[in-house]
Amino acid sequence: MPTYNYKAVDQVGRPAQGQLDALNEIDLELRLQRIGLDLVTFRQIKKSTALFRSRKVSLKDLVMFCFQLEQLTNAGVPLLEGLSDLRDSTTNPHFQKVIGSLVSEVEGGKMLSQALAQHPDVFSNVFVSLVQAGEQTGRLPEVFDHLASTLKWQDELVAQTKRLLAYPLFVLVVVLGAIVFLMSYVVPQMVAFLQNMGQTLPLETRVLIALSNAFVNYWWLMIALVVLVTVTTIIMVRKSAEARYKFDYLKLRLPVTGDILQKIILARFARYFALMYQTGIPILDAIKTCEEIVANRVVADALSRAHQQINAGDSMSESFKNAGLFPPLVVRMVRVGESTGALDKSLLNISYFYDRDVNESIEKMMKMIEPTLTVILGAILAFIMFSVLGPVYDSFSKLNI
């Protein structure tokens, strides 16, 4: 179906513009009339132009979407009018097209959650389920408020993690670049000098020469092996459930990052579980949905076991304890929430605790990475200098004798 850029006016003469899918000009005009707009001008988007347009909706776009809908619905603005205002104000062309589709579907009689479900690449199952629960309970503005806060938290966590890891990654690239330069350019020139001296070279020098020759003669093979291993791992993880489980298990067992990753997953689980509980989604349904949110097969299987035990009549705290994955803090806070009837507050406290712990752990890791990489580079340089200067020093010693 073709996509059109259009300019239109509403019933009071206010201008509006956006994108909309339509069969032809007549269909476009009818679709706009259904949402209270009169077509002024239009232009069909060519496929070659649309190919390079951004089709990504960021977390910031979703945060603004939820925040503005919460404000508009709280102010008494009808949902359809609020969506129309959002469509005209957003600066993301793809998101503008998505919201235009929402307007058309809601105008056609669908519930908002049903319209959102038509765009799974933008609105996740959790998002749709929460909106559906808000529609059923009449708490839609509150749901959008909670969603805006949660998505903003998730966006800040991702941004902070990227910011904190940017410098260590830069240092790592510099170290690898220095190693490649030394082994492929500097060391071969020194090796030629040592070989011309005609003396027996020590073991560490012969090892250095072998490594240098490997870098110079087989660099293509090293790159090919790295690419092959990476591609094979990605394919196996995507195709095999067993490989995916082992890969996720390995990520949680890595020396430093594994503990941080587990805390991030538990913080995400606690926050979204609290959000769904506050919205009125049943506990069993919320746990089932969280299996997709955690994005880790090991944690998802633990949640599945807890789901089965709760369904069989066990308490939630006991089920989480028997799952064998959740730390005592999580189990204890869930038990307190069950006994006091404030499970959502206990889960939010868990999320707050892990948020703070993750931030501190990432900062500590960043402080550790810099000196560690410096020591590694220093050790490599020391090995190279010892392997090269050792034979030279021995030669000069013999000349003095």
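Look at the stretch 369-390: where a residue is touching a residue at least 12 places away in the same chain (Cβ under 8 Å) and a partner is loosely packed, with under 14 Cβ neighbours inside 10 Å and among the basic types (Lys, Arg), sitting 6+ places away or on another chain with Cβ atoms under 9 Å, you get Ser387/Arg206. Scanning the stretch 125-146 for residues that are in a loop (DSSP other than H, G, I, E, B) and either touching a Ser or Thr at 6+ places or on another chain (Cβ under 7 Å) or crowded, with 16+ Cβ neighbours inside 10 Å (or both) turns up just one, Arg139. Among all positions in the stretch 4-19, there is at least one residue which is modelled with pLDDT under 85 and more than 29 Å from Phe144 (Cβ to Cβ).
Among the residues of the stretch 46-58, those identified as at pLDDT 65 or above and surrounded by fewer than 14 Cβ atoms within 10 Å (Cβ to Cβ) are Lys46, Lys56, Ser58.
Would you confirm, using the coordinates I've provided, whether Leu80 is outside any loop (DSSP other than H, G, I, E, B), within 26 Å of Ser351 (Cα to Cα), in contact (Cβ under 8 Å) with a residue 40 or more places away in the chain and not small (Gly, Ala, Ser)?
Here the answer is no, as Leu80 does not meet what is asked.
Return yes when Val174 is more than 30 Å from Phe67 (Cβ to Cβ) and part of a helix (DSSP H, G or I) and no when it is not.
Against the criterion (more than 30 Å from Phe67 (Cβ to Cβ) and part of a helix (DSSP H, G or I)), Val174 qualifies.
Remark: Phe320 falls outside the filter, which requires a residue to be touching a residue at least 40 places away in the same chain (Cβ under 8 Å), crowded, with 18+ Cβ neighbours inside 10 Å and out of contact with any Asp or Glu (no Cβ under 8 Å at 6 or more places or on another chain).
Quick check on Lys251: is it over 28 Å from Glu363 (Cα atoms), modelled with pLDDT of 85 or more and in a helix (DSSP H, G or I)? No; evaluated as a whole, the condition is false for this residue.
Scanning the stretch 100-122 for residues that are part of a helix (DSSP H, G or I) and under 18 Å from Glu135 (Cβ atoms) gives Leu102, Val103, Glu105, Val106, Glu107, Leu112, Ser113, Gln114, Ala115, Leu116. The number of residues in the stretch 309-357 that are among the small types (Gly, Ala, Ser), closer than 27 Å to Leu157 by Cα and not in a helix (DSSP H, G or I) comes to 2. When Thr90, Thr150 are checked against the criterion of being under 29 Å from Val294 (Cβ atoms), surrounded by 20 or more Cβ atoms within 10 Å (Cβ to Cβ) and either assigned by TED's automatic domain parsing to the domain that holds Ile264 or of a type in the set (S, T, N, Q) (or both), a single residue qualifies: Thr150. For the stretch 222-246, the set of residues classified as of a type outside the set (A, V, I, L, M) and either under 23 Å from Ile369 (Cβ atoms) or outside the structural domain of Phe326 (by TED's automatic domain parsing) (or both) consists of Thr230 only. In the stretch 292-314, the residues that are at positive phi reach residues that are aliphatic (A, V, I, L, M) with C-beta atoms within less than 9 angstrom, at least six apart or across chains, in these pairs: Ala295/Ile265. Given the criteria of a type in the set (Gly, Ala, Ser) and touching a helix residue (DSSP H, G or I) at 6+ places or on another chain (Cβ under 6 Å), does Ala323 qualify? Here the answer is yes, as Ala323 does meet what is asked.
Scanning the stretch 5-32 for residues that are without any contact (Cβ under 8 Å) to a residue 12 or more places away in the chain and of a type in the set (Val, Ile, Thr) gives Val12, Ile26. Every condition in (1) assigned to a loop (DSSP other than H, G, I, E, B); (2) among the polar types (S, T, N, Q); (3) more than 26 Å from Glu156 (Cα to Cα) holds for Gln19 except the one numbered (1).
The values are calculated or read from the model by the stated rules, or taken from the named source; none is laboratory data. Remember, predicted model here, so these are calculated numbers, not experimental data. Cβ atoms come from the backbone with ideal geometry, glycine included; neighbour counts cover every protein chain shown.
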